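Q: Have a look at this one before I ask anything.
The values are calculated or read from the model by the stated rules, or taken from the named source; none is laboratory data. Owing to the predicted nature of the structure, the values given are computational and were not obtained by experimental measurement. Glycine gets a Cβ as well: all are built from the backbone with ideal geometry, and neighbour counts include every protein chain shown. With ligands, DNA and RNA removed, areas are computed over all heavy atoms of the protein, side chains included. Shrake-Rupley method; radii C 1.70, N 1.55, O 1.52, S 1.80 Å.
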Amino acid sequence: MTGSAAAGTSDPQEAACPVDYSRHFGHEGQARQLASLRVLLSAFTGVPGIIGLHGGLPPADAFPFTEMSFTLRDGTKMEIKDPAQVAAAQQYSVTLRGYPALHDWVKKHTWALHSPPGDHDVLVTGGSNATIEMLMSLLMNPGDTIMCEEFTYPHMIESFVIPKGFKVLGITTDDQGIIPEALSKALEARTAQGGTSSRLLYTVPVGQNPTGVVTPLNRRRQIYSICRKHDVIILEDDPYFYLQFSVGDVAPRGLQDLGASYLSLDVDGRVIRLDSFSKVLSPGLRLGWATAAPALLEKLIFHLHGSTLGPCALSQVVVASLLHHWGPQGFEQHVKDMQQGYARRAHILHTAAEQHLQGLAEWQEPRAGMFAWLRLCGGIQDADQILDKLKEEKVVVVPGRIAHCEGPRPSSACPYIRVSFASATDADLEKGIKRLATVIRSFQQESAVKASANGKAVGSSGPAARHGGYSNGNTENGSHVQQQNTERSVQQILHDNEKMGLAAAVRTAANSQPEGC
């Protein structure tokens with residue numbers, strides 16, 4: 001057990017109150033059962049001497065690959081030659097909780113890092129995105145409300161919440177994540193108004209997307225306690241957990257001192273923790289794992305195997321072989337290498353911002369994940385105001401409104417931007433921040449000229465004044481700044497694309513690209 005996991009464990013004197021998931025499942029969750037063929041197939045899998053006349057499984061001699069070889073970054077070779085492994089990599093995923101070698105690894109690894117105090121089990125998944133959608137389908141009905149940080153993972157809102165007809169309740173945050181008092185007030189207000197309590201709290205507690213915030217242990221304890229009081233399920237989506245680094249010239253943490261998770265506090269079985277191989281290994285693998293109470297995990301198994309027939313067998317065998325090839329020390333060294341790389345890029349971005357953005361933006365130096373969250377100054381009320389200038393300067397960032405929990409067109413202006421330091425080269429990070437500074441200064445100069453002509457002060461008030469810290473305050477009032485009256489501006493293209501079908505959006509985007517892009 002790591003020290004961080006031990007520190008996070010709930011008070012042993014605190015009596016557990018196991019969650020009754022029969023009260024939390026939505027209509028689909030209540031109805032989900034494992035398909036009969038899958039039940040039969042799984043029941044007989046691995047039985048010695050069995051003659052299989054039941055499943056439509058292709059024979060091993062029909063598969064094209066007889067062995068696999070991979071060259072790792074350090075030049076070493078990893079070979080998969082065992083016929084059973086090679087065949088398993090090309091077969092349907094027939095075991096319900098994942099390829100046994102990989103399932104064993106993630107369970108031991110999770111228990112070593114988090115030491116969950118309640119009754120939990122693990123399931124190998126096809127990545128967090130698909131798992132989030134499945135969990136929402138199991139736990140919510142159209143019209144139900146999900147809670148999340150006020151600025152959140154945009155794909156979750158646009159691809160799951162809005163199309164499925166869910167409502168969203170954004171909880172105010174600061175530089176330590178969700179504010180417990182805001183969460184408590186929101187839940188109590190809904191109860192007082194006679195509304196149905198929210199079923200689910202979705203949160204990214206480490207390197208939060210888009211703000212980069214890391215929620216400290218004392219906050220997590222308060223939030224967990226509030227969720228216990230109101231019987232709320234916590235969906236802990238933690239893809240950046242391994243990408244934590246210290247500010248300054250400090251040795252990488254590896255697997256030590258990564259902080260206590262919500263799972264490590266979970267005496268009730270109300271936390272559903274999602275881990276991912278996407279950030280720590282590679283996103284193309286489409287693999288992760290979920291840790292949750294058995295009652296919830298059972299329904300997730302039904303959904304996973306009913307909709308995708310399980311995660312990719314090839315990816316599972318390759319990852320299990322890689323982890324075995326590395327061993328515990330090799331995996332931790334890989335984590336350290338990743339942490340060093342992200343720490344270096346984050347420091348380069350922060351240093352460039354200190355040099356070029358003083359007085360033009362406000363930010364905190366990143367400590368985890370891939371993103372820095374900047375509040376634009378200089379009279380910029382909404383990041384949309386500079387989109388066309390960003391295009392002219394050939395630098396792109398994410399306007400904060402895209403990550404708002406209301407969707408990409410929230411009801412108030414948003415002066416925030418998300419800047420990624422994940423994949424740009426060291427030189428491009430500095431160059432990109434310098435170009436961003438040029439854009440902001442240009443906007444300031446043009447605004448000053450217009451204000452002078454109109455006899456007004458620059459940037460003294462407006463919708464952006466409601467934005468404080470990491471929250472945009474009251475999302476019920478306010479309006480977006482008017483769109484610039486330019487022919488096919490970036491802002492207009494984005495706005496129109498939100499209203500059109502995919503084909504039309506792709507054509508519009510293609511037609512708007514400058515030559516060579």
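Q: Scan the range 244-287 residue by residue and report those that are closer than 16 Å to Phe331 by Cα and not in a loop (DSSP other than H, G, I, E, B).
A: Of everything in the range 244-287, those that are closer than 16 Å to Phe331 by Cα and not in a loop (DSSP other than H, G, I, E, B) turn out to be Gln244, Asp275, Ser276.
Q: Find the residue count for the range 228-243, including only residues that are open to solvent by less than 10 Å² (accessible area, probe 1.4 Å) and assigned to a loop (DSSP other than H, G, I, E, B).
A: So the count comes out to 5.
Residues checked against (1) over 21 Å from the mean Cα position of the chain (by Cα); (2) farther than 30 Å from Glu28 by Cβ; (3) at pLDDT 95 or above; (4) among the hydrophobic types (A, V, I, L, M, F, W, C):
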site	(1), (2), (3), (4)
Ser315	no, no, yes, no
Val318	yes, yes, yes, yes
Leu323	yes, yes, yes, yes
Pro328	yes, yes, yes, no
Phe331	yes, yes, yes, yes
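Q: Return the residues of the range 11-64 that are of a type in the set (A, V, I, L, M, F, W, C), part of a helix (DSSP H, G or I), farther than 30 Å from His230 by Cβ and without any contact (Cβ under 8 Å) to a residue 12 or more places away in the chain; say none if nothing qualifies.
A: Val39, Ala43, Phe44, Ala62
Q: May I ask you to list the residues in the range 337-359 that are in a loop (DSSP other than H, G, I, E, B) and under 21 Å from Ile402 (Cβ atoms)?
A: Once the filter is applied, which keeps residues that are in a loop (DSSP other than H, G, I, E, B) and under 21 Å from Ile402 (Cβ atoms), the range 337-359 yields only Leu357.
Q: Now a separate question. Does Trp111 qualify as being aromatic (Phe, Trp, Tyr), touching a Leu at 6+ places or on another chain (Cβ under 6 Å) and more than 21 Å from His230 (Cβ to Cβ)?
A: no
Q: For Ser4, state whether it is open to solvent by less than 30 Å² (accessible area, probe 1.4 Å), out of contact with any Phe, Trp or Tyr (no Cβ under 9 Å at 6 or more places or on another chain) and at pLDDT below 85.
A: When the stated conditions are applied, Ser4 passes them.
Q: I'd like to know if the range 218-227 contains one or more residues that are without any contact (Cβ under 8 Å) to a residue 40 or more places away in the chain, buried (at least 16 other Cβ atoms within 10 Å of the Cβ) and not basic (Lys, Arg).
A: Looking through the range 218-227, none of the residues is without any contact (Cβ under 8 Å) to a residue 40 or more places away in the chain, buried (at least 16 other Cβ atoms within 10 Å of the Cβ) and not basic (Lys, Arg).
Q: Being assigned to a loop (DSSP other than H, G, I, E, B) and open to solvent by 40 Å² or more (accessible area, probe 1.4 Å) is the filter here, so list the residues in the range 180-200 that pass it.
A: Within the range 180-200, Gln193, Gly194, Thr196, Ser197, Arg199 meet the criteria.
Q: Sticking with this one: Which residue, of Ile417, Ile402, is touching a residue at least 40 places away in the same chain (Cβ under 8 Å), of a type in the set (A, V, I, L, M), assigned to a helix (DSSP H, G or I) and crowded, with 18+ Cβ neighbours inside 10 Å?
A: After applying the criteria, what remains is Ile402.
Q: How about the range 368-389: which of its residues are crowded, with 22+ Cβ neighbours inside 10 Å, within 30 Å of Gln339 (Cβ to Cβ) and in contact (Cβ under 8 Å) with a residue 60 or more places away in the chain?
A: Ala368, Gly369, Met370, Phe371, Ala372, Trp373, Leu376, listed by residue number.
Q: Please go through the range 205-227 and give me each residue that is farther than 20 Å from Ser246 by Cβ and touching a strand residue (DSSP E or B) at 6+ places or on another chain (Cβ under 8 Å), ordered by number.
A: Asn209, Pro210, Ile223, Tyr224, Cys227
Q: I'd like the full set of residues that are of a type in the set (A, V, I, L, M, F, W, C) and either in contact with a Leu (Cβ under 7 Å, 6 or more places away or on another chain) or open to solvent by 70 Å² or more (accessible area, probe 1.4 Å) (or both), limited to the range 323-354.
A: Residues satisfying the conditions are Phe331, Val335, Met338, Ile348, Leu349, Ala352.
Q: Taking the condition under 21 Å from the mean Cα position of the chain (by Cα) and not charged (D, E, K, R), does Leu187 pass?
A: no
Q: Right, here's the next one. What number of residues within the range 261-278 are within 18 Å of the chain's Cα centre (by Cα) and open to solvent by less than 10 Å² (accessible area, probe 1.4 Å)?
A: Final tally of qualifying residues: 10.
Q: Would it be correct to say that Leu357 is open to solvent by less than 10 Å² (accessible area, probe 1.4 Å) and within 22 Å of the chain's Cα centre (by Cα)?
A: So Leu357 does not fit the description; no.
Q: Looking at Phe443, is it surrounded by fewer than 21 Cβ atoms within 10 Å (Cβ to Cβ) and in contact (Cβ under 8 Å) with a residue 40 or more places away in the chain?
A: Answer is yes for this residue.
Q: Please go through the range 201-238 and give me each residue that is farther than 18 Å from Gly259 by Cα, charged (D, E, K, R) and in contact with a helix residue (DSSP H, G or I) (Cβ under 9 Å, 6 or more places away or on another chain), ordered by number.
A: Lys229, Asp231, listed by residue number.
Q: Please determine whether any residue of the range 160-177 is open to solvent by less than 40 Å² (accessible area, probe 1.4 Å), within 21 Å of Thr131 (Cα to Cα), aromatic (Phe, Trp, Tyr) and touching a helix residue (DSSP H, G or I) at 6+ places or on another chain (Cβ under 6 Å).
A: yes
Q: Suppose we filter the range 65-85 for residues that are open to solvent by 100 Å² or more (accessible area, probe 1.4 Å), without any contact (Cβ under 8 Å) to a residue 24 or more places away in the chain and in a loop (DSSP other than H, G, I, E, B); how many remain?
A: Of the residues in the range 65-85, 5 are open to solvent by 100 Å² or more (accessible area, probe 1.4 Å), without any contact (Cβ under 8 Å) to a residue 24 or more places away in the chain and in a loop (DSSP other than H, G, I, E, B).
Q: Of everything in the range 136-163 that's in a helix (DSSP H, G or I) and small (Gly, Ala, Ser), which residue is nearest to Arg199 (Cα to Cα)?
A: Looking at residues that are in a helix (DSSP H, G or I) and small (Gly, Ala, Ser), I get Ser137.
Q: While we're on this one: Within the range 124-152, restricting attention to residues that are in contact (Cβ under 8 Å) with a residue 40 or more places away in the chain and more than 24 Å from Asp231 (Cα to Cα), which residue is farthest from the chain's Cα centre (by Cα)?
A: The extreme case among them is Val124.
Q: Same structure, new question: Report yes if Leu287 is under 21 Å from the mean Cα position of the chain (by Cα), farther than 17 Å from Leu200 by Cβ and open to solvent by less than 10 Å² (accessible area, probe 1.4 Å), otherwise no.
A: yes
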